[in-house]
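What follows is a single structure, written as structure tokens, with notes after it.
The values are calculated or read from the model by the stated rules, or taken from the named source; none is laboratory data. As the structure is a prediction and not an experimental result, all values here were calculated from the model. Backbone-built Cβ (ideal geometry, glycine too); neighbour counts: all protein chains shown.
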Amino acid sequence: MKNILTSFLALLGLASACGQHNFENANVDRFAECITDNNVVLLDVRTEKEFNEGHIQNALNIDIKQDDFVEKAKATLPTEKTVAVYCRSGVRSALAANKLSAEGYKVVNLEGGILAWKKAEKPVVIDTEAYETDSFTTKNGMTVKFHALVHASIRIEYDGKEIMIDPVTKLGDKTIDYTTLPKANYIFVTHEHFDHLDSTAIKQLTSDNTQLITNQRCAEMLGYGQVMANGDMLQIADDITVEAVPAYNTTEGHLQFHPKGRDNGFILTLDGLRIYIAGDTEDIPEMDGIKDIDIAFLPCNQPYTMTVEQLVNAARTVKPKVLFPYHYGQTDVSGIPAQLENDGVEVRIRHYE
């Protein structure tokens, strides 16, 4: 019996050994050196979405989670070349490395994945088309780009500057890794709710040159920040000004969500281009005084912000040239363009659920 058990254990050990395939685990510096070799092909095994949000330059993308990973790899990767493989943290890439080595490839795996790569301040390539993007031109011919991230989170590019509005890392089933995006020059936070104030996102976007602009309550919660109250104006660059405007509820039973005087909307003026980011508000009387708006972001989801009817009323009051309904959650905003087609307001629906 003892001999049978010994033989069984030996056979099990042999099977386990045969299941292990050799590949090199490399730290960031070794991996960076490796991928400069022309005989090395670089492979990102994350999802397409992750890849688009930031990857190492010249990487191919084959998702390890797909059932046909091995078949795609064999059809794409030359067997005579070394495969340098990575994922987010090193777990999926180790699995991929094991599969590839079983097919006869020589493989180098990045320890710690792209997280370690970015922590070492190595460059990544961002596919800006991963998010819906709208471009506008200022009076002096400068380009302003708006990237629809999620809900109330907006990325604005202007003259080499990065401006982030209410960045959040996770909302519902959507996650944004802000470490894949450039550091922000300016971060604006309208108010304290979790879908607007996210300390993790702020930390990921912050460098020594980042300026955080928010209200009193958020500055107290975070322990820092340039405070603006309703009615304040700030010149943050020669060609950039910001005005803090009221944002609050007016419907009985909803007043506690956004009390008057606490939260901000913001009007950004970039080289003459006026952008109204309303924050969480209803169609308040103060909108009568908001003039000459080129682009407006108006929220639409009761009980917290506006109904569709209130948003249409707000748009007719503010009269922006272009309107982006945002912060709309499950609200159906598809009918808004038709309601405003005779008001001279161009409505653009983007993924700001």
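Can you name the residue in segment 190-222 that is aliphatic (A, V, I, L, M) and in contact with a Gly (Cβ under 6 Å, 6 or more places away or on another chain) and is also farthest from LYS260 (Cα to Cα) among such residues? Lay out the reasoning, then the answer.
We begin by selecting, within segment 190-222, every residue aliphatic (A, V, I, L, M); these are 197, 201-202, 205, 212-213, 219, 221-222.
Subsequent filtering for residues that are in contact with a Gly (Cβ under 6 Å, 6 or more places away or on another chain) retains 212, 219.
On the way: LEU212: 22, ALA219: 18 Å.
Only one residue fits best here, namely LEU212.
Could you please find all residues in segment 293-352 being part of a helix (DSSP H, G or I) and under 23 Å from the mean Cα position of the chain (by Cα)?
none
Scanning segment 203-220 for residues that are acidic (Asp, Glu) and over 13 Å from ASN185 (Cα atoms) yields a count of 1. Tell me whether segment 234-249 contains one or more residues that are closer than 25 Å to PRO303 by Cα, exposed (fewer than 15 other Cβ atoms within 10 Å of the Cβ) and not charged (D, E, K, R). No, segment 234-249 has no match at all.
Among residues that are among the hydroxyl-bearing types (Ser, Thr, Tyr), buried (at least 17 other Cβ atoms within 10 Å of the Cβ) and more than 18 Å from TYR326 (Cβ to Cβ), THR180 is included.
Considering ALA75, ALA94, the condition of being aliphatic (A, V, I, L, M), out of contact with any Ser or Thr (no Cβ under 6 Å at 6 or more places or on another chain) and without any contact (Cβ under 8 Å) to a residue 12 or more places away in the chain is satisfied by ALA75 alone.
Within the option set LYS119, LYS139, being closer than 24 Å to GLU48 by Cβ and exposed (fewer than 15 other Cβ atoms within 10 Å of the Cβ) holds for one residue only, LYS119. Tell me which strands (runs of 3 or more DSSP E) are completely within segment 184-268 and hold 3 or more residues being out of contact with any helix residue (DSSP H, G or I) (no Cβ under 7 Å at 6 or more places or on another chain) and in the same structural domain as ASP288 (by TED's automatic domain parsing), or say none if there are none. Fully inside segment 184-268 and qualifying: 211-214, 233-237, 240-247. Of all residues in segment 50-91, those satisfying the criterion of being under 27 Å from the mean Cα position of the chain (by Cα), buried (at least 20 other Cβ atoms within 10 Å of the Cβ) and in a helix (DSSP H, G or I) are GLU50, PHE51.
Could you go through segment 282-292 and let me know if any residue there is surrounded by 15 or more Cβ atoms within 10 Å (Cβ to Cβ) and on the phi > 0 side of the Ramachandran plot. Within segment 282-292 (the criterion being surrounded by 15 or more Cβ atoms within 10 Å (Cβ to Cβ) and on the phi > 0 side of the Ramachandran plot), the answer is no, since none of the residues qualifies. Apart from one condition, ASN342 fits all of (1) in the same structural domain as ILE165 (by TED's automatic domain parsing); (2) surrounded by 15 or more Cβ atoms within 10 Å (Cβ to Cβ); (3) of a type outside the set (Gly, Ala, Ser); the exception is (2). For segment 105-124, residues that are modelled with pLDDT of 95 or more and either farther than 23 Å from LEU205 by Cβ or among the acidic types (Asp, Glu) (or both) total 7.
Going residue by residue through segment 109-127, is there one that turns out to be out of contact with any Lys or Arg (no Cβ under 7 Å at 6 or more places or on another chain) and within 30 Å of PHE266 (Cα to Cα)? Yes, there is a match, as at least one residue in segment 109-127 is out of contact with any Lys or Arg (no Cβ under 7 Å at 6 or more places or on another chain) and within 30 Å of PHE266 (Cα to Cα).
Mind checking whether some residue in segment 309-330 is at pLDDT below 95 and surrounded by fewer than 21 Cβ atoms within 10 Å (Cβ to Cβ)? Yes, segment 309-330 contains at least one residue that is at pLDDT below 95 and surrounded by fewer than 21 Cβ atoms within 10 Å (Cβ to Cβ). The residue list MET221, MET164 contains one member that is in contact (Cβ under 8 Å) with a residue 12 or more places away in the chain, of a type in the set (A, V, I, L, M, F, W, C) and surrounded by fewer than 17 Cβ atoms within 10 Å (Cβ to Cβ), which is MET221.
Got a number for residues in segment 184-211 being charged (D, E, K, R) and surrounded by fewer than 16 Cβ atoms within 10 Å (Cβ to Cβ)? Give the steps one after another, and end with the answer.
Filtering segment 184-211 down to residues charged (D, E, K, R) leaves 192, 195, 198, 203, 208.
Remaining after also requiring surrounded by fewer than 16 Cβ atoms within 10 Å (Cβ to Cβ): 203, 208.
Looking only at that region, the number is 2.
Only one entry in GLY265, GLY223 is more than 15 Å from THR190 (Cβ to Cβ) and at pLDDT 95 or above, namely GLY223. Taken together, the residues in segment 269-286 that are polar (S, T, N, Q) and within 13 Å of TYR158 (Cβ to Cβ) amount to 1.
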